[in-house]
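To start, the structure under review is shown below, and the notes come after it.
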Amino acid sequence: MSRRSCAERSGCSEVAVAEEDTATERVVAPGAEDLERAAEAALRPRRLAEFVGQRVVREQLELVLHAALGRGGTPDHVLLSGPPGLGKTTLAMIIGAELGTSVRVTSGPAIQHAGDLAAVLSSLEEGEVLFIDEIHRLARPAEELLYVAMEDFRVDVVVGKGAGANAIGLALPPFTVVGATTRAGLLPAPLRDRFGFTGHLDFYDDAELEQVLGRSAGLLEVDLHADAGGEIASRSRGTPRIANRLLRRVRDWAQVRSDGTLDLAAARSALAVYEVDSLGLDRLDRSVLTALCTRFGGGPVGLTTLAVAVGEEPETVETVAEPFLLREGLIGRTPRGRVATPRAWDHLGLAPPEAGSALFS
């Protein structure tokens, strides 16, 4: 999607545009476009027993679903939150499979009017799952309509206009809403309270990612060596989507430049081509880190100044590069600006100046 088309879409902010444009260029971006989602669908687990990681959420969700099946009713509405690429959409599809029903898929940005949501709700069948991705981006009129639908299984349709308008209440069959959000704090309290089960997905550790990669390699019918799987996992930023993407890129390299075997040498060579280093940093991450250390002596430096130094928009640096750098302890935020940590200097192979090292002493 182009910058213009995204900006013209209602509810699409400049920050979202920056994230989307950058995601098309970064092999370690946690988001995915439609073409990649189609490739991901072939690798998704179909049942809870096949789902790797998120042990607590998986066990809790299993109890909720199996208890509802035992009662012969529909389970509580489910809210899944967490960073992109961790499996929220996959779990939504699994919920439908575990319940033996179909899943109706939509998204917050796609529902900008109450009538849009009313049309979807009125077409649901009993026991069906309605999956709303990025539910925090629902328009306010649609949110208010969803409150009543989730609680009372009823939707009010307005017929006519002006003084002659009438609200007709339509009863809905019992159904389950599964909402996914990367920003749970933006959900209004009335909507959040209507979910009977809330699960937060955390980043994966390397061992879990190796399991994900082993399963994906089997589905892709490629020979992935254990040490190559460990190498890919360690550079995947704790995110299964990135791990699977890197696996496909390593497969491409091995197919074109080697004998098709995904060994450690192939993994390292392929990831070098795609500029993903040992910590999972790519060109944008390293340019921010290098500028902070070499041009500004480790900081502190303001966001705008740092963005100009690397030739990016401030929103791109703040929303695309900075979260992972902060999570890995490579940079820090202070009232005076961004600063490089000792780990950043060590990763770049540089010696910190006395003033920079004193910031963390």
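Once you keep just the Cα pairs under 8 angstrom separated by 6 or more residues, what percentage relative contact order results for region 208-361?
17 percent
Among 82, 149, 122, pick out the residue whose Cα is farthest towards the positive end of the charge dipole of region 78-160, where Lys and Arg carry +1 and Asp and Glu carry -1 on C-beta, about the Cα centre.
Sorting the options by dipole projection puts first 82.
Can you list the HN-Hα couplings for region 259-276, worked out from phi with the Karplus curve (6.51, -1.76, 1.60; θ = phi - 60°), rounded to whole Hz and with x for Gly and Pro?
Result, rounded to whole Hz: 9, x, 7, 9, 9, 4, 4, 5, 4, 5, 5, 5, 5, 5, 4, 8, 6, 9.
Given only helices, namely DSSP H runs of n ≥ 4 each adding -39500 (n - 2.57), what is the per-residue ellipticity at 222 nm of the chain, to the nearest 500 deg cm²/dmol?
My calculation for the chain gives -13500 deg cm²/dmol from helical runs alone.
Given (i) 35, 23, 20; (ii) 38, 23, 20; (iii) 40, 27, 18 as candidate values of semi-axes √(5λ) of the Cα gyration tensor in Å, which corresponds to the one derived from the coordinates?
Computing semi-axes √(5λ) of the Cα gyration tensor in Å and matching it to (i) 35, 23, 20; (ii) 38, 23, 20; (iii) 40, 27, 18 gives (iii).
Take every DSSP beta bridge whose two residues both sit in the chain, then give the antiparallel share in percent to the nearest 5. Before the final figure, lay out each step's value.
Working: 11 of 29 bridges.
In the chain, approximately 40 percent of DSSP beta bridges are antiparallel ones.
Tell me the per residue accessible area of region 213-263 using a 1.4 Å probe; a whole number in Å² is fine.
Per residue, region 213-263 has 41 Å² of solvent-accessible surface.
Ignoring any ligand, DNA or RNA, what whole percent of the accessible area of the chain comes from carbon and sulfur when the probe is 1.4 angstrom?
Here carbon and sulfur together make up 51 percent of the probe-accessible area.
Please give the peptides 42-54, 279-291 ranked by average Cβ packing (other Cβ atoms within 10 Å per residue), highest first, as a rough proxy for protection.
Working: 42-54: 15.9, 279-291: 20.4.
Most protected by this proxy first, the peptides run 279-291, 42-54.
Give the ranking of 93, 150 by solvent-accessible surface, highest area first, calculated with a 1.4 Å probe.
93, 150
Roughly how much of residue 274 is accessible, in Å² to the nearest 10, using a 1.4 Å probe?
Solvent-accessible area, nearest 10 Å²: 90 Å².
Count the DSSP beta bridges whose two residues both fall in region 103-234, then state the antiparallel fraction as a percent rounded to the nearest 5.
On the way: 6 of 15 bridges.
Once the DSSP bridges in region 103-234 are tallied, antiparallel ones form about 40 percent.
Only Lys, Arg, Asp and Glu count, each charged at its Cβ (+1, +1, -1, -1), so figure out the dipole size of region 200-292 about its Cα centre, rounded to 20 debye. Mind showing how you got there, number by number?
Numbers: 12 positive and 16 negative charges, 81 e Å.
So the magnitude is around 380 debye.
Compare 64, 129, 28 in a GNM of the chain, Cα atoms joined below 10 Å, and give the one with the largest fluctuation.
For the chain, modelled as a Gaussian network with Cα springs under 10 Å, the answer is 64.
The values are calculated or read from the model by the stated rules, or taken from the named source; none is laboratory data. Bear in mind that the values here come from a model prediction, so they are computed numbers and not experimental data. Neighbour counts run over all protein chains shown; Cβ positions are idealised from the backbone, glycine included. All accessible areas refer to the heavy atoms of the entire protein, side chains included, with ligands and DNA or RNA removed. Shrake-Rupley method; radii C 1.70, N 1.55, O 1.52, S 1.80 Å.
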